[in-house]
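Q: Below is a structure I'd like to ask you about.
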Amino acid sequence: MTDAPRDFLIAPSILSADFARLGEEVDNVLAAGADIVHFDVMDNHYVPNLTIGPLVCEALRRHGVTAPIDAHLMVRPVDRLIGDFIDAGASYITFHPEASDHIDRSLQLIRDGGCKAGLVFNPATPLAYLDHVMDKVDMVLLMSVNPGFGGQAFLPGTLDKLRAARQRIDASGLDIRLEIDGGVKVDNIAEIARAGADTFVAGSAVFQAGSEADPHRYDSVIREFREQLAGIR
Ligand code: DX5
Ligand code: ZN
């Protein structure tokens, strides 16, 4: 690893936003300093919950959102929805290797569509899925909860897995982001960063952070995340 500070990116998960005012919620987190919009897509098949799809992604783009949108696909099969999310304006598209019959093909589909491609690892999914496709991923996303719901507790075993993923990425010399998703809070983000993550999804921690006076202002939690990350290399 070099001595240069890593560029840390904060990616609020809109799963915990107020869906009745989604455009405004996304505007607010971005105005508060978030870098990426994390967009959780669940199909009630691969995971036991049902959320939002490409129409909502497209609506956010039409609303004027220009920040990167990170579409986390918890769906099976994945390939058709990859095309839909490319058309809907996603920037990153990540999927779970167990949900694709042809992982290499799915990754290629994403890059061919001009998007950045990523693989997502559930807590019990081995990093070995990266062995033959490392040069085809732009992002490695480690789940620190079992996927399907916001508001779960961070699984501490993920820290060792993060260190292993960081080693693989550094050894490859490739430009790959290492994202963490699930249970990220102000009081654990520094430890997570020290274990190697550079991109932090946070749903409940962000969207429950508004004050009573102004429940939809998120500046303070984003600032606290950055304070925790300051100085970590
Ligand atoms: C879970 C989702 C996460 C979730 C994170 O399946 O992938 O993005 O929204 O929520 P918190 O930050 O509340 O754990
Ligand atoms: Zn997610």
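Q: Please go through the range 172-201 and give me each residue that is away from ligand 1 (no atom under 11 Å from the Cβ) and at positive phi, ordered by number.
A: G173, G196
Q: Away from ligand 2 (no atom under 13 Å from the Cβ), closer than 18 Å to V37 by Cα and surrounded by fewer than 23 Cβ atoms within 10 Å (Cβ to Cβ): which single residue out of R111, R62, R80 fits that description? Outline the logic, then answer.
A: Working: R111 fails: closer than 18 Å to V37 by Cα; R80 fails: closer than 18 Å to V37 by Cα.
Checking each option against the conditions leaves just R62.
Q: Just one of the numbered conditions (1) free of Cβ contacts under 8 Å to residues at least 40 places away in the same chain; (2) more than 21 Å from G196 (Cβ to Cβ) is not true of L81; which one?
A: Against the list (1) free of Cβ contacts under 8 Å to residues at least 40 places away in the same chain; (2) more than 21 Å from G196 (Cβ to Cβ), L81 comes up short only on (1).
Q: If you check Y218 against the conditions, is it touching a residue at least 40 places away in the same chain (Cβ under 8 Å), more than 12 Å from ligand 1 (Cβ to nearest atom) and closer than 24 Å to A71 by Cβ? If you could, list the steps in order and put the result at the bottom.
A: Values: touching a residue at least 40 places away in the same chain (Cβ under 8 Å): yes; more than 12 Å from ligand 1 (Cβ to nearest atom): yes; closer than 24 Å to A71 by Cβ: yes.
Considered against the rule, which asks whether it is touching a residue at least 40 places away in the same chain (Cβ under 8 Å), more than 12 Å from ligand 1 (Cβ to nearest atom) and closer than 24 Å to A71 by Cβ, Y218 comes out as yes.
Q: Can we say K136 is modelled with pLDDT of 95 or more and in contact with a Leu (Cβ under 8 Å, 6 or more places away or on another chain)? Step through it out loud before you land on a result.
A: Numbers: modelled with pLDDT of 95 or more: yes; in contact with a Leu (Cβ under 8 Å, 6 or more places away or on another chain): yes.
It is true that K136 is modelled with pLDDT of 95 or more and in contact with a Leu (Cβ under 8 Å, 6 or more places away or on another chain).
Q: If you check R217, R226, R177, which single one turns out to be within 16 Å of ligand 2 (Cβ to nearest atom) and basic (K, R)?
A: Working: R217 fails: within 16 Å of ligand 2 (Cβ to nearest atom); R226 fails: within 16 Å of ligand 2 (Cβ to nearest atom).
Result of the check over R217, R226, R177: R177.
Q: Also, I was wondering about something else. Restricting to the range 107-144, give me the number of residues that are in contact with a helix residue (DSSP H, G or I) (Cβ under 9 Å, 6 or more places away or on another chain) and within 19 Å of G89 (Cβ to Cβ).
A: 11
Q: On to the next question. Out of F95, F39, I need the residue that is under 25 Å from I169 (Cα atoms), in contact with a Gly (Cβ under 9 Å, 6 or more places away or on another chain) and at pLDDT 95 or above. Which one?
A: Details: F39 fails: in contact with a Gly (Cβ under 9 Å, 6 or more places away or on another chain).
That would be F95, the only listed residue that is under 25 Å from I169 (Cα atoms), in contact with a Gly (Cβ under 9 Å, 6 or more places away or on another chain) and at pLDDT 95 or above.
Q: Can you tell me how many residues in the range 20-54 are of a type outside the set (K, R) and part of a helix (DSSP H, G or I)? Spell out the reasoning first.
A: Step one: filter the range 20-54 for residues of a type outside the set (K, R), giving 20, 22-54.
Applying the additional criterion that residues be part of a helix (DSSP H, G or I) yields 20, 22-31, 54.
So the answer is 12.
Q: Among the residues of the range 10-24, are any over 15 Å from the mean Cα position of the chain (by Cα), away from ligand 1 (no atom under 16 Å from the Cβ), surrounded by fewer than 21 Cβ atoms within 10 Å (Cβ to Cβ) and free of Cβ contacts under 8 Å to residues at least 60 places away in the same chain?
A: Checked against the condition, which is being over 15 Å from the mean Cα position of the chain (by Cα), away from ligand 1 (no atom under 16 Å from the Cβ), surrounded by fewer than 21 Cβ atoms within 10 Å (Cβ to Cβ) and free of Cβ contacts under 8 Å to residues at least 60 places away in the same chain, the range 10-24 yields at least one hit.
Q: Right, something else. Within the range 186-201, is even one residue of a type in the set (S, T, Y), at pLDDT 95 or above, surrounded by fewer than 16 Cβ atoms within 10 Å (Cβ to Cβ) and not in a loop (DSSP other than H, G, I, E, B)? I'd like the intermediate steps shown before the answer.
A: In the first step, residues of the range 186-201 are kept if they are of a type in the set (S, T, Y); the result is 199.
Checking the rest, the ones that are also at pLDDT 95 or above come to 199.
Retained after the next criterion (residues that are surrounded by fewer than 16 Cβ atoms within 10 Å (Cβ to Cβ)): none.
The answer is no, given that none of the residues of the range 186-201 is of a type in the set (S, T, Y), at pLDDT 95 or above, surrounded by fewer than 16 Cβ atoms within 10 Å (Cβ to Cβ) and not in a loop (DSSP other than H, G, I, E, B).
Q: Among residues belonging to the range 202-215 that are over 23 Å from L119 (Cβ atoms) and outside any helix (DSSP H, G or I), point out the one that is nearest to ligand 1 (Cβ to nearest atom).
A: Taking the range 202-215 and keeping what is over 23 Å from L119 (Cβ atoms), we get 204-215.
Within this subset, residues satisfying the condition of being outside any helix (DSSP H, G or I) are 208-215.
On the way: Q208: 8, A209: 11, G210: 15, S211: 19, E212: 20, A213: 23, D214: 21, P215: 17 Å.
So the residue we want is Q208.
Q: Now for a different question. What about V41, is it under 17 Å from the mean Cα position of the chain (by Cα), among the aliphatic types (A, V, I, L, M) and more than 10 Å from ligand 1 (Cβ to nearest atom)?
A: no
Q: Also, I was wondering about something else. For the range 156-184, how many residues meet the condition of being without any contact (Cβ under 8 Å) to a residue 40 or more places away in the chain, crowded, with 17+ Cβ neighbours inside 10 Å and outside any helix (DSSP H, G or I)?
A: Counting residues in the range 156-184 that are without any contact (Cβ under 8 Å) to a residue 40 or more places away in the chain, crowded, with 17+ Cβ neighbours inside 10 Å and outside any helix (DSSP H, G or I) gives 4.
Q: Tell me, which residue of the range 35-56 that is away from ligand 2 (no atom under 14 Å from the Cβ), touching a residue at least 24 places away in the same chain (Cβ under 8 Å) and farther than 10 Å from F149 by Cα is surrounded by the fewest Cβ atoms within 10 Å (Cβ to Cβ)? Spell out the reasoning first.
A: Here is the first cut: in the range 35-56, the ones away from ligand 2 (no atom under 14 Å from the Cβ) are 35, 44-45, 48, 50, 53-56.
Restricting the remaining residues to those that are touching a residue at least 24 places away in the same chain (Cβ under 8 Å) gives 35, 45, 48, 53-56.
Those left that are additionally farther than 10 Å from F149 by Cα: 35, 45, 53-56.
Working: D35: 18, H45: 12, G53: 19, P54: 20, L55: 9, V56: 15.
Among those that are away from ligand 2 (no atom under 14 Å from the Cβ), touching a residue at least 24 places away in the same chain (Cβ under 8 Å) and farther than 10 Å from F149 by Cα, it is L55.
The values are calculated or read from the model by the stated rules, or taken from the named source; none is laboratory data. Predicted model, so just to flag it, every value in this text is computed and none were measured. Virtual Cβ from ideal backbone geometry, glycine too; neighbours counted across all protein chains shown.
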